[in-house]
Amino acid sequence: MFENEKKIAAMEALKFVKNDMRIGIGTGSTAYYFIEGLSELVKKGLKITGIPTSKKSEELCRSFNIPVDYNIKDIDIDFDGADEFDLYGNLIKGGGGALVREKIVAYNSREFYVLVDHSKYSERLHKFPLPVEVLPFMSDKTLENIEKLGCKASFRDDKKFISDNGNYIIDCVFNYTDPELESQIKMIPGVVEVGIFRHLATKIFQGTIDGCKIIDIK
């Protein structure tokens, strides 16, 4: 439904990719358009090194002959999508199950550019279930402990979904996903990572029917 807006956001973000950059490459439907566009630039001679945030994105990059290297200490810009965002730059991510690697790459990047369609905006985070990656060991108890924070939680695909790291994803429905929940959930033993991204995004590229709106996060 919003495919054209996703593509618009991806194409605008590609304008910020420069020669010899080391860039994070996200996961998901909007990231696909970014990777596809990046491959065309690489064909024309652009030299970059990519750090994909999932096995799926890595396979896609390699199929497009985009150079990949995980042994990079300094990442110039990370380009990734989001499942929901607010104007403070708080994000919900992990709809594709890659939140751990996505957060590692975002945290270690000088800039983090978020590519979204207009439907991903909320005044406050509440529309998209919050993904939490957890260890399989005693995972039922981990889910119970997360629910004590006031949500309804369930294992994605009834534990059939396994992350690239070999873990389960729990999707949590809160009336309002307060960004402060990130630290509370991470305190629970068994939790690997939480899909709340705070203080990481530096620009949001929001595709609309009229073009791309770029939001600078202060």
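Just a few scattered comments:
- The relative contact order of the chain, computed from alpha carbon pairs under 8 Å that lie at least 6 residues apart in sequence, is 24 percent.
- Qualifying lysines (Cα of each under 19 Å from Cα of LYS73; at least 8 residues distant if same chain): LYS18, LYS47, LYS103
- Fully extending the segment from ILE214 to HIS118 would add 33.4 nm, taking 0.36 nm per residue of separation and subtracting the current Cα-Cα distance.
- Summary of packing: across the peptides 205-216, 90-101, the per-residue average of other C-beta atoms within 10 Å ranks them, highest first, as 90-101, 205-216.
- Were the residues from LYS44 through LYS160 laid out at 0.36 nm apart, the gain over their Cα-Cα distance would be 37.6 nm.
- Placing +1 on the Cβ of every Lys and Arg and -1 on the Cβ of every Asp and Glu, with nothing else charged, gives the range 130-193 a dipole about its Cα centre of roughly 180 debye.
- Span from the the range 157-191 Cα centroid across to the the range 1-20 one, whole angstrom: 29
- Two-site FRET efficiency, ARG110 against TYR176, from Cβ-Cβ distance with R₀ of 41 Å, rounded to 0.05: 0.85
- Compactness of the chain, expressed as Rg and Dmax over alpha-carbon positions, Å: 16.9, 54
- Proximity of backbone amide H atoms, modeled 1.01 Å from N, is registered between LEU115 and ASP80, GLY81, ALA82, PHE205 at under 5 Å, excluding neighbours fewer than 5 places apart on the same chain.
- Burial ranking of peptide ranges 125-138, 68-81 (average Cβ count within 10 Å, highest at the top): 125-138, 68-81
- In the chain, a dipole from Cβ-located charges (positive for Lys and Arg, negative for Asp and Glu) runs towards its positive end, and of ASN108, LEU130, GLY207 it is ASN108 whose Cα lies farthest in that direction.
- Computed magnitude of the charge dipole of the chain (debye, nearest 20; Cβ of K, R +1, Cβ of D, E -1): 380
- Stretch gain in nm, segment LYS141-ASN71, where the contour uses 0.36 nm per residue and the Cα spacing is subtracted: 21.6 nm
- Antiparallel DSSP beta bridges within the chain, as percent of all bridges there, nearest 5: 50
- Estimated FRET transfer efficiency when R0 is 25 angstrom, pair MET21-LYS186 (beta carbons, to 0.05): 0.20
Since every read-out is calculated from the coordinates, none of them should be taken as a lab result. Values in this document were obtained by computation on a predicted structure and should not be read as measured data. Every residue, glycine as well, gets a Cβ built from its backbone with ideal geometry; the counts of neighbours run over all protein chains shown.
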